[in-house]
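These notes concern the structure reproduced below.
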């Protein structure tokens, strides 16, 4: 296990919050970020152990350095913040596309840039992508493109940051996440197309994140967590 704190960007809700909760419960120092500093601090106060909440907006990359100025050393970095965007090419919303590309490609990269000198020698990074890169759907042009960009980011960062390890995680539909609450019909369709005949759960994503962060021989891996989704 790496020394230093665990930083979870996008750690105030959903999957990021569950990852933060795990490491806080395990006695690690944890920093969670959200767009609103007050909300991040309030959520941090509900977690066990030593947890700090900070305000950080990935859509405003110029402000990231200041938001991270007080953090370090860093043993684990999880880039889990997401923004959902259904944006068809026939009805293309430029501002939404720019925002999503900025968050995941420029914002993620700037976080790593700002923390580069604070990573411990055995530190590890997990970058969240998504399966839309391989399973596009109507309206996923921007989502599929930026998630594909995560693969290139991981490849370059592995070399630029070595010996710091960098991996990516690509979740399928997480059935017990807040976003999917109440969407029974869609979840039933997905579950019927998995080889496991069960939906991915948040605890599965936490376990996969732990594996990528903690196994010191795993580097440059793009891990699918989808239960063996049957495409055809």
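The values are calculated or read from the model by the stated rules, or taken from the named source; none is laboratory data. Treat the numbers as computed from the prediction; the structure is a model and nothing was measured. Ideal geometry is used to build each Cβ from the backbone, glycine not excepted, and the neighbour counts take in all protein chains shown.
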Pair list, Cβ under 7 Å, 6 or more apart: region 79-91 residue over 24 Å from residue 157 (Cβ atoms), other residue assigned to a loop (DSSP other than H, G, I, E, B) and modelled with pLDDT of 90 or more: 87/93
Odd one out for residue 176, checked against (1) out of contact with any helix residue (DSSP H, G or I) (no Cβ under 6 Å at 6 or more places or on another chain); (2) surrounded by fewer than 16 Cβ atoms within 10 Å (Cβ to Cβ); (3) in a loop (DSSP other than H, G, I, E, B): (1)
Which listed residue is over 17 Å from the mean Cα position of the chain (by Cα) and either buried (at least 18 other Cβ atoms within 10 Å of the Cβ) or in a strand (DSSP E or B) (or both), from 88, 120: 120
Qualifying residue in region 10-21 (condition: under 18 Å from residue 106 (Cα atoms), touching a helix residue (DSSP H, G or I) at 6+ places or on another chain (Cβ under 8 Å) and either in a loop (DSSP other than H, G, I, E, B) or at pLDDT below 95 (or both)): yes
Test: residue 27 is part of a loop (DSSP other than H, G, I, E, B), over 30 Å from residue 193 (Cβ atoms) and touching a residue at least 40 places away in the same chain (Cβ under 8 Å): no
So residue 136, is it more than 19 Å from residue 4 (Cβ to Cβ) and in a loop (DSSP other than H, G, I, E, B): yes
Complete set of residues in region 8-32 that are under 21 Å from residue 215 (Cβ atoms) and under 11 Å from the mean Cα position of the chain (by Cα): 8, 15, 16, 19
